[in-house]
1. Given the options Glu143, Glu191, name the one that is more than 16 Å from ligand 1 (Cβ to nearest atom) and open to solvent by 10 Å² or more (accessible area, probe 1.4 Å).
2. For the condition among the polar types (S, T, N, Q), within 15 Å of ligand 1 (Cβ to nearest atom) and free of Cβ contacts under 8 Å to residues at least 40 places away in the same chain, what is the one hit in Thr241, Thr230, Thr178?
3. Do we find a residue being among the aliphatic types (A, V, I, L, M), on the phi < 0 side of the Ramachandran plot and assigned to a helix (DSSP H, G or I) anywhere in segment 3-17?
4. Across segment 156-183, what is the number of residues that are open to solvent by 50 Å² or more (accessible area, probe 1.4 Å), away from ligand 2 (no atom under 16 Å from the Cβ) and over 28 Å from Ser132 (Cβ atoms)?
5. Any residue at all in segment 226-234 that's in the same structural domain as Leu189 (by TED's automatic domain parsing), over 24 Å from Gly47 (Cβ atoms) and over 17 Å from the mean Cα position of the chain (by Cα)?
6. From the list Ile268, Ile281, which residue is open to solvent by 20 Å² or more (accessible area, probe 1.4 Å), under 20 Å from the mean Cα position of the chain (by Cα) and within 30 Å of Asn500 (Cβ to Cβ)?
7. Find the helices (runs of 4 or more DSSP H) located wholly in segment 349-462 whose residues include 2 or more that are within 29 Å of Ala65 (Cβ to Cβ) and not assigned by TED's automatic domain parsing to the domain that holds Ala22, and list them.
8. Filter segment 233-248 for residues that are near ligand 2 (Cβ under 10 Å from one of its atoms) and open to solvent by 10 Å² or more (accessible area, probe 1.4 Å) and give the result.
Amino acid sequence: MPSTHVQIFDTTLRDGEQSPGAALNIEEKVEIARQLERLGVDIIEAGFPISSPGDFEAVRRIAAAVEAPTVCGLTRAVRGDIDVAWDALKGAKRPRIHTGLGVSDNHLQHKLRKSREQAMEMGVTAVAYAKSLGCEDIEYFTEDAGRADPDYLCRVVEAVIAAGATVINVPDTTGYATPEEYGAIFKMLLERVPNADKAVFSAHCHNDLGMATANSLAAVRNGARQVECTVNGIGERAGNTSLEEVVMAIHTRRDVFGVETGIVTTEIYKTSRLVTNLTGILVQPNKAIVGANAFAHSSGIHQDGVLKERSTYEIMDPRDVGITESKIVLSPRSGRHGVKHRLNELGYVYDSDEQFEKIYQRFLAVADRKKIVYDEDLEAIATDEARAGSAIYELIQLQVTCGDQAIPTATVKLRHENLAILMDADTGNGPVDAIYRAINRIVRVENELIEISLQSVTEGTDAQAGVTIRIRSGDDIFSGHAAHTDIIVAATKAYLNALNKLLGKSPGRQQNNSSELTTV
Ligand code: KIV
Ligand code: ZN
C-alpha cells in the first residue's frame, strides 16, 4: 500500500531561476528558501553548484540557513559536478545530490552522443560515486523520460536503484506527454522494476502544452510520491508545474487523489508574492490560485450567488491560501514595535537593527504621504530594502523636468558601493528615457531596455506604484523591480535593480569605481 504523503520538491531556485530574467542574488535566494521552509516544502532544490561560484555559494548558504527541508543540488553524472555539489551541500542537515542524464534516444544521439549501454554505465557510476562520498540521499533524473523507450527506462531505473539511488525523477523535460501517457509511465515503472519499492518516484513536468499540473497529478494517481514544482510555475520556456496548483488540487479534491502534502497552504499567497517581487516575473491575472482575479467575481449573477452562499461559485476559501482582505494596519503614528510585529507576521525577519531602521524610515515617509499603510505597502518596502542591501549602485537624488512643451531632462546622483558619489544628467524622449540615459552615462554598461510595466501596489491615486522592467545585455536578460509612491522614482529604482543584477553577474563590468564626483 503506497504512503498517502506526497512530498513537495521545490525547484524555484534551480529550474525556476532558469526563466529568462529571473536571476536572483544570493541574499534573495536565501530569503526565498526561508519562506519555502515556512511554506512547509519537503525538499528545496537550491541550485546547480558547478554552474557558477554564485550558485555554489547560494546552495552552501541555503544548506546552512534552513533546518527542516532537505536541501538538494543538481549535478550532471560526472565526478567533478558531484564533488562540487557535495562540498556545497555537506553542511545541510539533510543533504541530497540530484544527478542523472538523458534516457531518450533523441538525447542519447544528439546531446550525449553515447550508446544506451554507455549512458547507463555513466549513470550507475555517478550514483555509486555520490554514495561513496557519504551522501545517503541520492536522486536520479532520467532526463526526457517522457519520450524514452520503456524497456530501456526500466533497465536504467533498476540499475541506478541497485547502485544506491533513493529517489527516481522521471522528467517530461519537453512537456510533450499527455496525462494518460505520463501516468502510465509511473504505473509501468512501479509494476515492472523489481526493486521499485526501494525508491520514491518523482514527477517533474514542463508546461509546454499547458499540461504540467495535469501530468503531475496523473503521476500521483499512478504512484508518484514526490512532485517537483516551482512557485507561480516559473521555469524554462513555458515553465514548470506550479506548486500552488498541485497542492490545492490535492487539498481540494482529496476525494479523488486520496493523498496529502505537508504544505502550510495559508503561506501560499505570501510565497507567491515574494517570488514575484524578487524575480520580477509577474503572475498573469487569471492564474489559478494566486492570480489577481483567482477569487474575484465580476458578473452580477456570480456576485449575487457568492454573497448569498460562497460555495455557489467558490470551490476554495481564499483564506486557505493566505489571501485576506487588505486591512488598514498601520498609520504615521505607528511605532517601531508595531511595524516590526506586523513585518514578522508577514514573514519578514531582519537580522540587524540597522536593516529594520531603514525600513522604518521608509515606512514613515510612505505613511506621511498616504496616511494609511496596507500590508501590501509594507511588503513592497520590505522587499525593496532587501534588494537595496546588496546594491552596487544606489539612488541618492533624482531631479526631473518634463511636461507638454518641456525637453525631458533628468539629473541623477548615485552612490557606488565603494561610497563614491556620482552624478550626471541627460535629456530624452520622456522623463524615464532621460533618467535611464543619465544613469547609463554613469554606469557605462551595455544594455537594452526590452520591457517596462507598471502595477499599483494597492488601490487609489495615492497608492505606491510597482515598476517591473527587463533589460538585455548580450544573451542575458535581467529583471528589476521597485515600488514607490512616485512612479518616476519607482522606475528609476527598478532600472538600478536590474543593472545591479547585471553587474553582480559579471563583476568585471563594474565600470565606475573611482571616488570622484562626476558633474555635468
Ligand atoms: O526537465 C528536466 O529534465 C530537468 C532535469 C535536469 C531534472 O530539469
Ligand atoms: Zn526541468
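The values are calculated or read from the model by the stated rules, or taken from the named source; none is laboratory data. The model shown is predicted, which means the values in this text are computed figures rather than measured ones. Note: ideal-geometry Cβ built from the backbone for every residue, glycine included; neighbour counts use all protein chains shown. Surface areas here come from the heavy atoms of the whole protein model, side chains and all, with no ligands, DNA or RNA. Shrake-Rupley method; radii C 1.70, N 1.55, O 1.52, S 1.80 Å.
1. Values: Glu143 fails: more than 16 Å from ligand 1 (Cβ to nearest atom).
After applying the criteria, what remains is Glu191.
2. Thr241 is the lone residue from the list that is among the polar types (S, T, N, Q), within 15 Å of ligand 1 (Cβ to nearest atom) and free of Cβ contacts under 8 Å to residues at least 40 places away in the same chain.
3. Looking through segment 3-17, none of the residues is among the aliphatic types (A, V, I, L, M), on the phi < 0 side of the Ramachandran plot and assigned to a helix (DSSP H, G or I).
4. Of the residues in that region, 2 qualify.
5. Within segment 226-234 (the criterion being in the same structural domain as Leu189 (by TED's automatic domain parsing), over 24 Å from Gly47 (Cβ atoms) and over 17 Å from the mean Cα position of the chain (by Cα)), the answer is no, since none of the residues qualifies.
6. Ile281
7. 353-370, 375-388
8. Glu236, Arg237
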